[in-house]
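Worksheet: the structure to be examined is printed underneath.
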Amino acid sequence: MRLLLLTFLSLLLYSCADEAPTLKTGDWRVNMELQDEMLLPFNIEFKADGTAVIRNAEERIAITDIVQNGDSVLIKHPVFAGEFQGVFTSEKKVEGDFIIANMERSIPFSMVHGDSERFREVDPAQVQLGGTWKIEFTENDGNTYPAQGVFEQQGNELTGTIRTETGDYRYLEGVVDGDSLKLSTFDGAHAFLFTAKATDSTLNGGMFYSGNHYKAAFNGKLDPGYELADPDSLTFLKPGYERFNFAFPDADGKIWTLDDPQFKDKVVVVQLMGTWCPNCLDETKYFADYIARNPDSEVEFIALAIDYSKTPEPAFKAIDRLKERMGLEYPIVLAQYGTNSKSEASEKLPMLNAVLSYPTTIVVDKKGAVRKIHTGFNGPATGDKYTAFVTSFEAFLAELQAEE
């Protein structure tokens with residue numbers, strides 16, 4: 001009997017020793033490895049029901065597609081194609097790669113359980129960075145582009161967003177570390193990190209990292225009155241064109257145009273977008289909400305998708321995934337695949353002066369005339385800008401519907 005007991009205990013200890021770790025509930029701190037040996041941190045909380053939540057300031061991204069097989073872990077975003085593929089290297093640590101297969105990109109990552117801090121070992125703040133900032137980014141080729149930073153600071157904690165003329169850089173969360181700004185976000189598609197030296201009125205020597213494939217320098221100055229160009233003024237019909245036209249297929253092979261009977265005598269909102277694009281997802285969520293709130297509206301929507309996938313099949317699969325997850329009923333057609341090149345998109349839509357941004361939104365009245373082209377999208381992270389857009393846009397749609 002004693003021998004049997006010892007054998008049982010030995011087997012039990014061996015079994016426990018070989019048992020794979022699990023994704024413990026609570027906070028995990030993720031570090032993504034970027035260029036220049038920089039680390040982009042963000043926070044994710046795993047819950048007892050097998051789901052997780054990514055946190056960026058006020059943003060909460062629910063993750064339900066989590067699979068563990070032995071010591072391997074697979075975590076997928078509900079809409080975007082990126083996924084974390086990792087392996088437990090200890091009871092409380094997972095290492096691996098964040099992979100976006102259709103873009104052929106990957107970013108090494110590690111995540112540790114029990115760490116709720118985003119940026120660690122922070123010195124007391126020596127500067128106050130709350131307010132509106134005029135920012136200029138300089139890319140590696142010397143090209144520059146303007147931006148507006150809007151930040152709120154409480155002690156060391158810093159939140160806000162950065163707006164450009166093509167969209168916002170999401171919900172940013174970070175710290176003021178002594179005299180330095182550190183902000184990050186991860187939304188399932190974009191991994192952004194911003195660092196800079198700061199005074200109460202300047203940002204100096206800043207660097208913006210997007211994943212491990214892009215970076216740009218930036219500087220800024222406090223400017224409460226600074227505004228970007230009007231997003232309704234940047235994209236327009238070229239002289240000689242009176243209509244916006246297209247002819248692109250849906251997943252069933254049907255070719256859609258604005259002459260489709262569904263659009264006859266209706267106001268039509270045409271959305272140029274990508275299923276991989278967070279700003280486009282923000283706009284799509286808003287359109288879905290508008291449709292739900294206005295079931296009797298005489299406004300029709302159609303989206304023209306630009307996709308990285310090398311063939312149409314995975315592009316349509318991504319479109320179907322978006323429609324299913326968002327409950328979308330309006331058509332999404334495939335305008336371009338293999339690249340998200342704006343110059344190639346411009347060639348497919350030659351009536352536009354240029355495709356400058358995803359999303360770009362074209363509003364057509366009941367008679368087929370283009371009445372507004374809106375470049376980019378100020379999403380919920382922009383606060384008052386988002387609210388102002390919604391109010392103005394819905395008032396404009398109401399005016400067009402009232403026209404004879």
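The values are calculated or read from the model by the stated rules, or taken from the named source; none is laboratory data. Being a predicted model, the structure only gives us computed values, none of them experimental. Ideal geometry is used to build each Cβ from the backbone, glycine not excepted, and the neighbour counts take in all protein chains shown.
The C-beta contact set for the range 85-100 (first residue within 11 Å of Ile75 (Cα to Cα), second residue assigned to a loop (DSSP other than H, G, I, E, B), distance under 8 angstrom, 6+ apart or interchain) comprises Phe98/Gly82; Ile99/Gly82.
Taking strands (runs of 3 or more DSSP E) as the structural unit, those lying wholly within the range 162-221 and holding at least 2 residues that are under 13 Å from the mean Cα position of the chain (by Cα) and hydrophobic (A, V, I, L, M, F, W, C) correspond to 191-198.
Answer with yes or no whether Ile362 is in the same structural domain as Asp252 (by TED's automatic domain parsing) and closer than 28 Å to Pro146 by Cα. Considered against the rule, which asks whether it is in the same structural domain as Asp252 (by TED's automatic domain parsing) and closer than 28 Å to Pro146 by Cα, Ile362 comes out as yes. Here Glu242 passes the criteria (1) surrounded by fewer than 21 Cβ atoms within 10 Å (Cβ to Cβ); (2) modelled with pLDDT of 95 or more except the one numbered (2). Would you pick out the residues in the range 144-173 that are in contact (Cβ under 8 Å) with a residue 60 or more places away in the chain and either loosely packed, with under 14 Cβ neighbours inside 10 Å or basic (Lys, Arg) (or both)? Scanning the range 144-173 gives Arg163, Arg170. Taking the criterion of being closer than 18 Å to Leu39 by Cβ, charged (D, E, K, R) and at pLDDT 95 or above, the residues of the range 181-224 that qualify are Lys182, Lys215.
The set of residues from the range 54-67 being surrounded by fewer than 21 Cβ atoms within 10 Å (Cβ to Cβ) and either over 21 Å from Gly327 (Cα atoms) or outside the structural domain of Asn31 (by TED's automatic domain parsing) (or both) comprises Ile54, Arg55, Ala57, Glu58, Ile66, Val67. Is there a residue in the range 358-369 that is in a loop (DSSP other than H, G, I, E, B) and within 18 Å of the chain's Cα centre (by Cα)? Yes, because at least one residue in the range 358-369 is in a loop (DSSP other than H, G, I, E, B) and within 18 Å of the chain's Cα centre (by Cα).
The single condition among (1) surrounded by 15 or more Cβ atoms within 10 Å (Cβ to Cβ); (2) of a type in the set (A, V, I, L, M, F, W, C); (3) within 21 Å of Gln262 (Cβ to Cβ) that Phe389 does not meet is (3).
Return the only residue of Gly131, Gly70, Gly26 being exposed (fewer than 14 other Cβ atoms within 10 Å of the Cβ), touching a residue at least 60 places away in the same chain (Cβ under 8 Å) and over 22 Å from the mean Cα position of the chain (by Cα). Write out each step before concluding.
Details: Gly131 fails: exposed (fewer than 14 other Cβ atoms within 10 Å of the Cβ); Gly70 fails: touching a residue at least 60 places away in the same chain (Cβ under 8 Å).
Step by step, each of Gly131, Gly70, Gly26 is checked, and only Gly26 is exposed (fewer than 14 other Cβ atoms within 10 Å of the Cβ), touching a residue at least 60 places away in the same chain (Cβ under 8 Å) and over 22 Å from the mean Cα position of the chain (by Cα).
Take the conditions in contact (Cβ under 8 Å) with a residue 60 or more places away in the chain and in a loop (DSSP other than H, G, I, E, B) and apply them to Asp141. Does it pass?
On the way: in contact (Cβ under 8 Å) with a residue 60 or more places away in the chain: no; in a loop (DSSP other than H, G, I, E, B): yes.
Criteria not met by Asp141.
Any residue in the range 66-83 that is aromatic (Phe, Trp, Tyr) and either modelled with pLDDT of 95 or more or touching a helix residue (DSSP H, G or I) at 6+ places or on another chain (Cβ under 6 Å) (or both)? Spell out how you get there, then give the answer.
Residues of the range 66-83 aromatic (Phe, Trp, Tyr): 80.
Subset that is either modelled with pLDDT of 95 or more or touching a helix residue (DSSP H, G or I) at 6+ places or on another chain (Cβ under 6 Å) (or both): none.
No: the range 66-83 contains no residue that is aromatic (Phe, Trp, Tyr) and either modelled with pLDDT of 95 or more or touching a helix residue (DSSP H, G or I) at 6+ places or on another chain (Cβ under 6 Å) (or both).
Going residue by residue through the range 180-195, is there one that turns out to be within 22 Å of Arg29 (Cβ to Cβ), surrounded by fewer than 16 Cβ atoms within 10 Å (Cβ to Cβ), without any contact (Cβ under 8 Å) to a residue 40 or more places away in the chain and not assigned by TED's automatic domain parsing to the domain that holds Met273? For the range 180-195, residues within 22 Å of Arg29 (Cβ to Cβ), surrounded by fewer than 16 Cβ atoms within 10 Å (Cβ to Cβ), without any contact (Cβ under 8 Å) to a residue 40 or more places away in the chain and not assigned by TED's automatic domain parsing to the domain that holds Met273: absent.
Residues that are at pLDDT 95 or above and within 30 Å of Pro21 (Cα to Cα) within the range 100-149 comprise Ile107, Pro108, Phe109, Ser110, Met111, Val112, His113, Arg118, Phe119, listed in sequence order.
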